[in-house]
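First comes the structure, then the notes that go with it.
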Amino acid sequence: MKKLIAMLLALMLVMSGIAVFTACDNNTDEPAETTEANKNETPTTEAPTTEEQTTEAPAPQVLKMATNAYFQPYEFYQDGKIVGIDAEIAAAIAAKLGMTLEIVDMEFDSIITAVNEGSVDFGMAGMTVTPDRQKEVDFSVSYANGVQTIIVKNDSPITCVDDLFAEGAAYKVGVQLGTTGDIYATGDFGSENVTTYSNGNEAVLALLGGSVDCVIIDNEPAKALVAANEGLKTLETAYANEDYAICVKKGNAELLAKIDQAIKELTADGTIDAIVDKYIK
Ligand code: ARG
C-alpha cells in the first residue's frame, strides 16, 4: 500500500515537473526552482523500491566524549553549554573525522569505566596519562601539559609544597575524587588527611569554609578557582608535572589512530594553539 502511494506521488511529481530536494540532499547547489531546462528531467527523488529505503542522506555519525565539566578552562558550562579547550579540540577532531561531537558530562572517576563499557567513544577531561590508567585504557598523543598546584587561603601557614611534608605537619588536603591530585596526596599524606570532593569547586568551598587547609588541583583550573573566589592564592611551587591526553577503550586502535592523526594535524596547522590561546591568557 505504502509502495503504491509512493509510486503515485512520484508519478504526480514527474507530471508536474517539480524537482524535489530533501533537507539533507547533497545537491543543494542546484537550483530548487523549476526551470525550462529541468522541467522534463526525472526528479532526483525516486520512489522507494522497498519499504525500508529512504531518500535521506545518512546523518553524520556521532562521536561521544565523556568528560567532567567542572574544570575550567578545559571543560565548563557557559550559558548551559559545555565549552573549553577540550570541548573545542574534540569538536575539531570530530569535524576531521566527518562526525558530530556529543559531550556527556559525568563524575571524573566514571570516565574510564564509561570508555571501557563503550557507552562513550573516548574520554577527554584534562586527563593525565599515568602508568596505572595506561593499564586500563589507551591514550592518544598528548595535547597539553598540566601541573598539580596547591591552593591555600591568603593567610595560610602553608607557603610552599615542602610545608606539607614538614615534620609533624598533618594538614588536611582537599582534592577532586579520582584525580591525580587525589592519588598523589593520598599516597603522600595518607587517606586520613585527604578529603575527596565531586569537583574542584566543592573542594574550594571546603577550603573557604575551613574543613581543609589546601586544595591540590591542576594549575589552570586552580587559577580559575582563585580568580572566582576572594581570599585565595596558589603556591608558586608545583606539586607534580603531567601530560594530558585522550583515552579510548583498550585495543581500539582504529579510533586511536584517527584521533592521533587529527591531533597531529591540528597541532601542525596551529588550531590547537589558537584554541588554547582563546582560553589561557
Ligand atoms: N589531570 C587530573 C587527572 O587526570 C585532573 C583532571 C580532572 N578533570 C576534570 N575534567 N575534572 O587526574
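The values are calculated or read from the model by the stated rules, or taken from the named source; none is laboratory data. Treat the numbers as computed from the prediction; the structure is a model and nothing was measured. Here the Cβ is made from the backbone with ideal geometry for all residues, glycine too, and neighbour counts use every protein chain on show.
Listing for the model above:
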{"read-out": "Residue satisfying all of: in segment 200-219; surrounded by fewer than 19 Cβ atoms within 10 Å (Cβ to Cβ) and outside any helix (DSSP H, G or I); nearest to the ligand (Cβ to nearest atom) among these", "value": "Ser211"}
{"read-out": "Segment 196-220: number of residues that are closer than 19 Å to Leu235 by Cβ and among the small types (Gly, Ala, Ser)", "value": "4"}
{"read-out": "One residue from Asn201, Asn219 being in contact (Cβ under 8 Å) with a residue 40 or more places away in the chain, out of contact with any helix residue (DSSP H, G or I) (no Cβ under 8 Å at 6 or more places or on another chain) and on the phi < 0 side of the Ramachandran plot", "value": "Asn219"}
{"read-out": "Meets criteria (within 16 Å of the ligand (Cβ to nearest atom) and either buried (at least 19 other Cβ atoms within 10 Å of the Cβ) or of a type outside the set (Val, Ile, Thr) (or both)) for Ala170", "value": "no"}
{"read-out": "Close pairs (8 angstrom Cβ cut-off, 6 or more residues apart or separate chains): hydrophobic (A, V, I, L, M, F, W, C) in segment 140-153, near the ligand (Cβ under 10 Å from one of its atoms) and modelled with pLDDT under 95 anywhere", "value": "Val147/Ala240"}
{"read-out": "Filter pass, Gln176 being buried (at least 20 other Cβ atoms within 10 Å of the Cβ) and within 13 Å of the ligand (Cβ to nearest atom)", "value": "yes"}
{"read-out": "Pair list, Cβ < 9 Å and 6+ apart or interchain, from segment 115-135 residues that are without any contact (Cβ under 8 Å) to a residue 40 or more places away in the chain to residues that are among the basic types (Lys, Arg)", "value": "Glu117/Lys249; Lys135/Lys250"}
{"read-out": "Residues satisfying the stated conditions in segment 118-148, i.e. part of a loop (DSSP other than H, G, I, E, B), more than 12 Å from the ligand (Cβ to nearest atom) and more than 14 Å from the chain's Cα centre (by Cα)", "value": "Gly118, Ser119, Val141"}
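Conditions tested, residue by residue: (1) closer than 27 Å to Thr271 by Cβ; (2) crowded, with 19+ Cβ neighbours inside 10 Å.
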| residue | (1), (2) |
| --- | --- |
| Val137 | yes, yes |
| Ser140 | yes, yes |
| Ser156 | no, no |
| Gly181 | no, yes |
| Thr186 | no, no |
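Per-residue answers, yes or no, for (1) in contact with a strand residue (DSSP E or B) (Cβ under 6 Å, 6 or more places away or on another chain); (2) at pLDDT 95 or above; (3) crowded, with 18+ Cβ neighbours inside 10 Å; (4) part of a loop (DSSP other than H, G, I, E, B):
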site: Pro221; (1), (2), (3), (4): yes, yes, yes, no
site: Ala224; (1), (2), (3), (4): no, yes, yes, no
site: Glu230; (1), (2), (3), (4): no, yes, no, yes
site: Ala238; (1), (2), (3), (4): yes, no, no, yes
site: Val248; (1), (2), (3), (4): yes, yes, yes, no
site: Ile259; (1), (2), (3), (4): no, yes, yes, no
